[in-house]
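Everything below concerns the one structure shown next.
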Ligand SMILES: O=C(O)CCC(=O)C(=O)O
């Protein structure tokens, strides 16, 4: 009896995510992950090198390189005025297509990606100890969904509510290849990364150590 009906059969399912939030584990294949990691190494070479943004004078533990628009706290510009003044790389067409497919996969709605044209991506690199505090993505003028892709070491991703940095929130393990989308009523939910799990990157994902996270967004800006 105890082996036939192991305790795992009675484990409670994870709580549902708030409306507008979706998690698709293992959405990217290992081959796709490796290809994106190769692009990541190209992006970090410039014209704007990867860097730790400063928030109120303190460097973030996460390092970021941007595509399309350069993000600095709390503004977007085409030139990386807080780094070297160079214009950031164009937003790649393949990533627009990937973002649209991601919305379809996350929502199950075949038209979910029809009007989605992301024009910026924040590409974050986390080493073993990097974290990201609870924050809202609200420097964009558009409320189009945020599409997030993870590669490499797994992490504990905290996804909360739109009112406060504190509870209620859920801790979700984001693994290599996972897709996470937050839009609609969850678009301005506070979220952050409280821990990276070193040594959990799967063989073949292209990263030996650390974690890459890409968030595609629509800035709603012109120019
Ligand atoms: O690394 C993650 O999964 C989240 C990244 C994030 O919150 C951000 O770039 O604003």
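Where a number appears in this text, it was derived from the coordinates with a stated rule and is not lab data. If you're wondering where the values come from, they're calculated on a predicted model, not measured in any experiment. Using ideal geometry, Cβ is built from the backbone for each residue, glycine included, and neighbour counts are taken over all protein chains shown.
Report, by residue number, each residue of segment 6-43 that is more than 16 Å from the ligand (Cβ to nearest atom) and under 15 Å from residue 126 (Cα atoms).
Residue satisfying the conditions is 41 alone.
Which count do you get for residues in segment 48-62 that are outside any loop (DSSP other than H, G, I, E, B) and surrounded by fewer than 13 Cβ atoms within 10 Å (Cβ to Cβ)?
The total comes to 3.
Going by what's in this entry, would residue 64 be described as within 14 Å of the ligand (Cβ to nearest atom) and within 28 Å of residue 112 (Cβ to Cβ)? Full working, then the answer.
Values: within 14 Å of the ligand (Cβ to nearest atom): yes; within 28 Å of residue 112 (Cβ to Cβ): yes.
Here the answer is yes, as residue 64 does meet what is asked.
Matching residues to (1) within 26 Å of residue 106 (Cα to Cα); (2) in contact with a helix residue (DSSP H, G or I) (Cβ under 6 Å, 6 or more places away or on another chain); (3) not in a loop (DSSP other than H, G, I, E, B):
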position	(1), (2), (3)
14	yes, no, no
22	yes, yes, yes
38	yes, no, yes
46	no, no, no
64	yes, no, yes
